[in-house]
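The values are calculated or read from the model by the stated rules, or taken from the named source; none is laboratory data. None of the values given here were measured: they were computed from a predicted structure. FYI the Cβ positions are ideal-geometry reconstructions off the backbone, even for glycines, and counts take in every protein chain you see. Side chains are part of the model used for accessible areas, which takes the heavy atoms of the whole protein and leaves out ligands, DNA and RNA. Shrake-Rupley method; radii C 1.70, N 1.55, O 1.52, S 1.80 Å.
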Amino acid sequence: MELNVAKQINSKQEAERCVAVDELAKQGHLSAIILLVDQLEKETSYYVRRRLIKALGGLQSSRTGLIAARLFISPETHVRNAAVEVMQALQEFAIPTIETLMTDPSRDIRKLSVDVLDKIPGEKAFSLILEGLKDTEPVIVSACVEALGRKRDQRALAPLLELLQTSKNLWISFSVIEASAILGDPRVLEELYRHIDQAQWGKQDRALLFGIWAFTVGQLGDTQWLPKIWEMLESGELSEDAVVEVLVSFYLRRITWEQEDPLLEEILRRQLIKLENVKLNSVAHLALLKSPQIFYQYLPRLIDNVKDEEATMGEFLQEMIRSKPSTEQLNGLLLGASDKLAKFVLRMSEICQIPIEIETLIKLASRSDHEIVQKTANVAWLSGPRAEVFLQGLVKHMDTEVVAAAINGLGLLGSAMANPLLLEGLSNPDQIVRKRVVEVLCKRPSVCLTEQIGSLAEESPEYCLPEILEVVAVFEHPSLQRVIQRIGDVEDEAVRGRIAKSARLIKVEELFLKVMKLLSNDPAPEVRLQVILSLSTRRGSQVYTLLSYLYRYEQSANNRYYILACPEIYQHSTTLEWLKDNIQGSDPLLQWAAAKGLSEMGEIGRQYLQEIYQVAEKTDKRLAEIIHQELDKNGGLVL
């Protein structure tokens, strides 16, 4: 078998080599490990190489680490990286070998050893990295410093600061400062500053080190250093980019600060002009926080550089509401605005309730983008009575959403001149428009329902009867009787279903039941379902009588399920027989509804469930499971 696997591992076929890798991993003995390591060294397929790394990493033993470590001397980078991955996967089993390699004469091998220790938790790995700080090669020391930072162990801070005191190497100092930012103790900032301020560093090195020091100030959130940072900016020791990085870090950590500098506004302007898109949002947040006028000045550039203005709105919304732009600012932004910017500003107007000049809205409404037109309709009412003529014109727009928004705006204006348009909207062929009209009319005083609503109830097309029914039901208008009389003549099944649903708004019980009786014999199951759902919102013996009638003649299992979900039926003892019939039936949905219903019937229902369960446990496992789940909710089975 071993000979076959050894031959198969050298196959030209990837699939066969993968099978061999898996087989050798199962064997796990010394010769298998050697074969796997040998293959990893020469394997050309990325897929098989990943399989080999996983297999060797899973062979958790010290000898695996010892054998895999020989790949550290490979001339091929991908082989050395693969060996590091294997050693990292071995975790503590790799440490004996790594401990030896940390003193290897080869700098490259020591560096790879640090990379392994970086990913191994525990005291031994931590202590070996600390030992690595004494290495004579700066690249090894820097790697150890970075690894200690990623360990996030506060015990590393003291040895790192001790190293810093003697460091004359730029990259070691840089690494220590960077690690200090990760370890997160603001008390080290003073010592870091003194180290950089030494005369040994040249101008370029000081600039680099002060840059990472400033980054650390931002990461640690220590605002007491802000005066010094502004001073260093003026002296040229810190760049504008570094200062902005600090302030953005404070902002992202929700850290407030009082110390400002006259240079801030000019810096923000320059940053907003030159920054790449990836950084633009952070600086824009800072501008909005500290200098809103600059933010709004550069908002067009910001919006034109984003793909999703709605997402950007969400990102900046709370701060924009807090800063609340002035009417002049928003109106100014709309002068010559791109479509993207126009949508953004109109949305801001809607949220902050800031009016836009009606002349500007008229110009925007002439654009071909219907979304912009709709947004102008959304905010027009904020401009007061002057917007009424504008909105009346939009009621004739070809886009349904625009018409709906215009009708809503007219309703919000509360003008009596809008009443005829609103009532006319009830006959609009588009259901979206009619629903919006209903929403508006139901918020207005009942006096707006003139005789015209009576004529609508009498003469309007049948498709708008559900919406007319909702309005007259809310206000208990006399024409409700006429709408009910027309129900019997409605031919469209969907309209009858919507009428059954709208009838829930009828307050007079007698009239509500009259509609339910008219539709309870409807040939369409969907209409009867809406009747059942409407009846489920009411109580009383007449409601039960109708539900009982529907149950007796209902052929749809789905509709029967919803009847069994109506609360009223559980006030009547005859319901028990319905539940018994359904739980002994073959439909799982009705069985489940019946089991739930029996538990609602009190002690007699639960007792029946117990009896049925004992039978079902032997004859119908599915039913037994349904009953068991329901009994569990009510104290479980009684043995």
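Observations, loosely collected:
- Pairs from the table (LYS340/LYS396; LYS42/LYS124; LYS274/LYS343; LYS443/LYS501; LYS443/LYS507) lying more than 27 angstrom apart at Cα are LYS42/LYS124.
- Debye, to nearest 20: dipole size of the range 1-120, +1 on Lys, Arg Cβ, -1 on Asp, Glu Cβ: 140 debye
- Split the accessible area of the chain by element, probe 1.4 Å, and carbon with sulfur accounts for 52%.
- Helix-only mean residue ellipticity at 222 nm for the chain, each DSSP H run of n ≥ 4 adding -39500 (n - 2.57), per residue, nearest 500: -21500 deg cm²/dmol
- Taking the charge dipole of the chain about its Cα centre, with +1 at Lys and Arg Cβ atoms and -1 at Asp and Glu Cβ atoms, the residue from LEU160, ALA89, ALA503 reaching farthest to the positive side is ALA89.
- Total charge dipole magnitude, the chain, about the Cα centre, Cβ charges on Lys, Arg, Asp, Glu only, Debye to nearest 20: 660 debye
- Cα gyration tensor shape for the range 1-120, rounded if a/c is under 1.5, else prolate or oblate: prolate
- Cα-based helix-to-principal-axis angle, 77-90 vs the chain, degrees rounded to 10: 70 degrees
- Dipole-positive endmost among TRP201, MET232, GLY211 within the range 163-232 (Cβ charges, Cα centre): TRP201
- Here Rg and Dmax of the Cα atoms in Å was calculated from the structure, and among (1) 28.5, 88; (2) 25.2, 82; (3) 38.4, 102 it sits at label (3).
- Cα-based equivalent ellipsoid of the range 125-225: semi-axis lengths in Å, sorted from largest, via gyration tensor: 20, 17, 10
- Selection of trypsin sites (Lys or Arg not before Pro), the range 102-143, meeting DSSP coil and at most 16 other Cβ within 10 Å: LYS119, LYS134
- In Hz, Karplus ³J(HN,Hα) per residue of the range 498-503 (6.51, -1.76, 1.60; θ = phi - 60°; x = Gly, Pro): 5, 5, 4, 6, 5, 4
- Averaged per residue, the chain has 48 square angstrom of accessible surface, using a 1.4 angstrom probe with ligands and nucleic acids left out.
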